[in-house]
Amino acid sequence: CYNRQRKIKELDGEEEMKVFLKSNTFYMIISIVIAILLWIYVVYDVRPTYEMTVEDVPVSCINASELFSSGSIAIVGENENLLTEGVYVDVKIKGKRSAVSAVRPGDINCTLDLITVNKAGSYSIKPILDIGRNGVDIVYSSPGNIKFKVESIEQKNGNIILNLVTDD
């Protein structure tokens, strides 16, 4: 009698499984699992190119004229701290999602070549961008050009005569 009741309970479990497999809940669960798997496939294989903007990439200056260090010319205006504190740009990059998402501002080398800046005037120079990661390309930087104004500083040497006048 005990074995017969046990068989009936086992059959009840099997019956429950058959009912579950034929229910809408089972098909909803399977549909969600398939949708997630397809989404992962599309994100990583079908559309592997991913774009991201890296903000506040520091710009360093190279080939600055000795006229700057001697004080004969100076950068004035909005970017007057270009040689001392530097400026920052935002850089848009693209590549595989895993490689792009790992890039930080310090990973991008952004330089401004000042070789042509040797006299007073207005300048607009495009920064040189380099990223040391394979599979990541630079799309553009914002701003595209660094604009600044250079003024000449004149120095005159001479003697100063000081006359003291007193009310005595």
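The values are calculated or read from the model by the stated rules, or taken from the named source; none is laboratory data. It should be emphasised that the depicted structure is a prediction, and the values quoted were computed from it without experimental measurement. For neighbour counting, all protein chains shown are included, and Cβ atoms are generated from backbone atoms with ideal geometry for every residue, glycine included. Note: areas computed on protein heavy atoms with side chains; ligands, DNA, RNA excluded. Shrake-Rupley method; radii C 1.70, N 1.55, O 1.52, S 1.80 Å.
Annotations
- Strands (runs of 3 or more DSSP E) within the range 52-168 that include 1 or more residues touching a helix residue (DSSP H, G or I) at 6+ places or on another chain (Cβ under 8 Å): 73-76, 87-96, 128-131, 136-142
- Candidates Glu154, Glu78 - the one that is open to solvent by 70 Å² or more (accessible area, probe 1.4 Å) and either within 18 Å of the chain's Cα centre (by Cα) or modelled with pLDDT of 80 or more (or both): Glu78
- Every pair of residues 6+ apart whose Cβ atoms lie under 6 Å, when the first sits in the range 98-120 and is more than 13 Å from Val136 (Cβ to Cβ) while the second is open to solvent by 30 Å² or more (accessible area, probe 1.4 Å) and among the acidic types (Asp, Glu): Pro105/Asp56; Ala120/Glu151
- In the range 82-107, the residue that is nearest to the chain's Cα centre (by Cα) out of those that are open to solvent by less than 10 Å² (accessible area, probe 1.4 Å) and closer than 18 Å to Asn145 by Cβ is Val91.
- Verdict on Ser141 being within 18 Å of Gly86 (Cβ to Cβ), of a type outside the set (Asp, Glu) and either open to solvent by 100 Å² or more (accessible area, probe 1.4 Å) or touching a Cys at 6+ places or on another chain (Cβ under 9 Å) (or both): yes
- On inspection, Val117 fails the criterion of being at pLDDT 90 or above, hydrophobic (A, V, I, L, M, F, W, C) and surrounded by 13 or more Cβ atoms within 10 Å (Cβ to Cβ).
- Pairs, first without any contact (Cβ under 8 Å) to a residue 12 or more places away in the chain and more than 23 Å from Arg97 (Cβ to Cβ) in the range 17-42, second open to solvent by 100 Å² or more (accessible area, probe 1.4 Å) and not in a helix (DSSP H, G or I), C-beta under 8 Å, six or more apart: none
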